[in-house]
């Protein structure tokens, strides 16, 4: 990464200054390099001299002028093609301006890296799992679940760009009460369609989609289940219904470009003995106690937990938390993921402390399990919030919203805010073909570049790059708007790193908008295709091609398409 290179140069400068006696002997602190907050202060800035002055004072008691330290560091800074200027500023900051010639050369770097531009190698040999969506298999996914999908899938994309090996997993909650109510609801609709009246369960699912599921069961099995004992019929319907709903969930999530590496059934935790195995593991570690006829996990031993948690009820039935324990026992101690991210709705906030306690009880670092919480999505049409209830039968699904606004608008807009913020999704804006619609603006900018390149080819320009000659042509890119576009393109690595550090890709839409704006400013200020200036035109076409690559990459990291025409 560019920042890594700058950090290494300043680390070398400090070591060289110390070796020459220009600086005191002290342990070199990590060098921080960042973009200055104020324009005109260069491309990057470091406060390493201020940090070093503090380190010297703590080690020796001597007061050292940070400006003198900064100057000593500058005097020993190794020569590097990428640095155009490095200057002392303020109380001891060092501001760095990138070399124009080096910036120009980065066009070829982007073109050669192509779809892998922006990759960073920080996650090598690390196996991560991202578990997301994981809705109860009781019907289509409410549109609010699309935020879970967009967050989880976008995060998995940036983790892969950072070099991690990532597994995407959907946890199918097919062993709990809700799935049981769903099976009873399906049986009631099935019987009703076949002319028999069966009481509808009090906690059932009255949505019309149950009728569609019941018809599919009839199409394949006829009236078979009416000739069976009801308990036996419900038991056989359980696996049939699970498969039916998972097929539907796969199709619905595929509409927004979300696919999983693994669909993990909660029921298999019981069928394969993992619940018993995980609880035995905790019991052997002294983490379980028996009282009142039940088995309790001693969560209160751990921070932020004020009570113990039942894992096996007095009737011998494990609780939902017992499933959670077994599931994470499998993730960490059986499948041995280095880190796991669970994407949960904010309504599950109360469960987070006991998950950390569970990790500590396993003898694992609780930081290896990240619970990424996200808040609600408010759907707005004509300025009025749309409120529909799944349990009341009025179900607005992901597919319903995709039908209205498209998958790209849905995913892009659901990533524009940090996970903990409520999102107000404006359906009217999402379909507007104007620059006020951010996804339209970014995608149109990509399509514009494709159109420019196509017109150039038609006019006889060669838009392919051929190495050494092109490096000479790129030195013609001297206009401030050209250099600004280059600087903005090179930020992609930092954006990937930021998304990994925050474990959320919500910075990417804003970067995509900024990149599109910067390209459009370049296109406004610089004539790209000019028959009277063929070499400059070729250089600008190469720059445009590089901008297209970067814009397409950030869109695809978000799971959004990069159309060539609109």
**Study point:** Selected residue [without any contact (Cβ under 8 Å) to a residue 40 or more places away in the chain, crowded, with 24+ Cβ neighbours inside 10 Å and either farther than 22 Å from residue 207 by Cα or over 13 Å from the mean Cα position of the chain (by Cα) (or both)] from 149, 156, 188
**Key:** 156
Review point. From 72, 79, 89, which residue is without any contact (Cβ under 8 Å) to a residue 24 or more places away in the chain, within 23 Å of residue 17 (Cβ to Cβ) and not assigned by TED's automatic domain parsing to the domain that holds residue 464?
Key: 79
Exercise for review: Answer yes if at least one residue in the stretch 237-248 is out of contact with any strand residue (DSSP E or B) (no Cβ under 6 Å at 6 or more places or on another chain) and more than 26 Å from residue 168 (Cα to Cα), and no otherwise.
Suggested key: yes
Study note, to complete from the structure: Going through (1) within 18 Å of residue 117 (Cα to Cα); (2) surrounded by fewer than 19 Cβ atoms within 10 Å (Cβ to Cβ); (3) within 31 Å of the chain's Cα centre (by Cα) one by one, residue 464 fails only at (3)
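Every residue, every condition in (1) in a helix (DSSP H, G or I); (2) not assigned by TED's automatic domain parsing to the domain that holds residue 552, yes or no:
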{"position": "411", "(1), (2)": "yes, yes"}
{"position": "418", "(1), (2)": "no, yes"}
{"position": "421", "(1), (2)": "no, yes"}
{"position": "424", "(1), (2)": "no, yes"}
{"position": "428", "(1), (2)": "yes, yes"}
{"position": "448", "(1), (2)": "yes, no"}
{"position": "456", "(1), (2)": "yes, no"}
Check your understanding: Pick from 84, 42: which is at positive phi and outside the structural domain of residue 162 (by TED's automatic domain parsing)?
Key -> 42
Practice item. Select from the stretch 489-530 the residues that are more than 25 Å from the chain's Cα centre (by Cα), part of a loop (DSSP other than H, G, I, E, B) and buried (at least 18 other Cβ atoms within 10 Å of the Cβ) and list them in ascending order. Key: 526, 528, 529
Exercise for review: Output yes when any residue across the stretch 10-20 is within 25 Å of residue 162 (Cα to Cα) and outside the structural domain of residue 118 (by TED's automatic domain parsing), and no when none is.
Suggested key: yes
Exercise for review: Kindly indicate which of 326, 322, 284 is modelled with pLDDT of 95 or more, out of contact with any strand residue (DSSP E or B) (no Cβ under 6 Å at 6 or more places or on another chain), in the same structural domain as residue 369 (by TED's automatic domain parsing) and buried (at least 20 other Cβ atoms within 10 Å of the Cβ).
Suggested key: 326
Check your understanding: Which of (1) surrounded by fewer than 15 Cβ atoms within 10 Å (Cβ to Cβ); (2) farther than 30 Å from residue 140 by Cα does residue 272 not meet, given it meets every other one?
Key -> (2)
Practice item. Considering each residue of the stretch 191-206, count those that are surrounded by fewer than 20 Cβ atoms within 10 Å (Cβ to Cβ) and assigned to a loop (DSSP other than H, G, I, E, B), and give that number. Key: 11
Check your understanding: Given the stretch 209-279, what helices (runs of 4 or more DSSP H) lie entirely inside it while holding 2 or more residues that are without any contact (Cβ under 8 Å) to a residue 40 or more places away in the chain and within 31 Å of the chain's Cα centre (by Cα)?
Key -> 230-254
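From the list 423, 398, which one is farther than 30 Å from residue 542 by Cβ, at pLDDT 90 or above, out of contact with any helix residue (DSSP H, G or I) (no Cβ under 6 Å at 6 or more places or on another chain) and surrounded by 19 or more Cβ atoms within 10 Å (Cβ to Cβ)?
Numbers: 398 fails: out of contact with any helix residue (DSSP H, G or I) (no Cβ under 6 Å at 6 or more places or on another chain).
Exactly one of 423, 398 is farther than 30 Å from residue 542 by Cβ, at pLDDT 90 or above, out of contact with any helix residue (DSSP H, G or I) (no Cβ under 6 Å at 6 or more places or on another chain) and surrounded by 19 or more Cβ atoms within 10 Å (Cβ to Cβ), namely 423.
Just one of 542, 566 is outside the structural domain of residue 478 (by TED's automatic domain parsing) and either closer than 27 Å to residue 254 by Cα or crowded, with 19+ Cβ neighbours inside 10 Å (or both); which is it? Walk me through it before giving the result.
On the way: 542 fails: outside the structural domain of residue 478 (by TED's automatic domain parsing).
From the options 542, 566, the qualifying one is 566.
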Practice item. Give 508, 536, 473, 503 a once-over and let me know the one that is touching a residue at least 24 places away in the same chain (Cβ under 8 Å) and touching a strand residue (DSSP E or B) at 6+ places or on another chain (Cβ under 7 Å). Key: 503
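For residue 178, are the conditions met, namely being touching a residue at least 12 places away in the same chain (Cβ under 8 Å) and under 25 Å from residue 256 (Cβ atoms)? Let's see the steps before the verdict.
Values: touching a residue at least 12 places away in the same chain (Cβ under 8 Å): yes; under 25 Å from residue 256 (Cβ atoms): yes.
When the stated conditions are applied, residue 178 passes them.
Every residue in the stretch 107-123 that is over 22 Å from residue 539 (Cβ atoms) and either outside the structural domain of residue 550 (by TED's automatic domain parsing) or not in a helix (DSSP H, G or I) (or both), please. Reasoning before the result, please.
As a first pass, look at the stretch 107-123 and keep what is over 22 Å from residue 539 (Cβ atoms): 115-116, 118-123.
Answer for the stretch 107-123, where residues must be over 22 Å from residue 539 (Cβ atoms) and either outside the structural domain of residue 550 (by TED's automatic domain parsing) or not in a helix (DSSP H, G or I) (or both): 118, 119, 120, 121, 122, 123.
The values are calculated or read from the model by the stated rules, or taken from the named source; none is laboratory data. Treat the numbers as computed from the prediction; the structure is a model and nothing was measured. Glycine also receives a Cβ, built like all others from the backbone with ideal geometry; neighbour counts cover every protein chain displayed.
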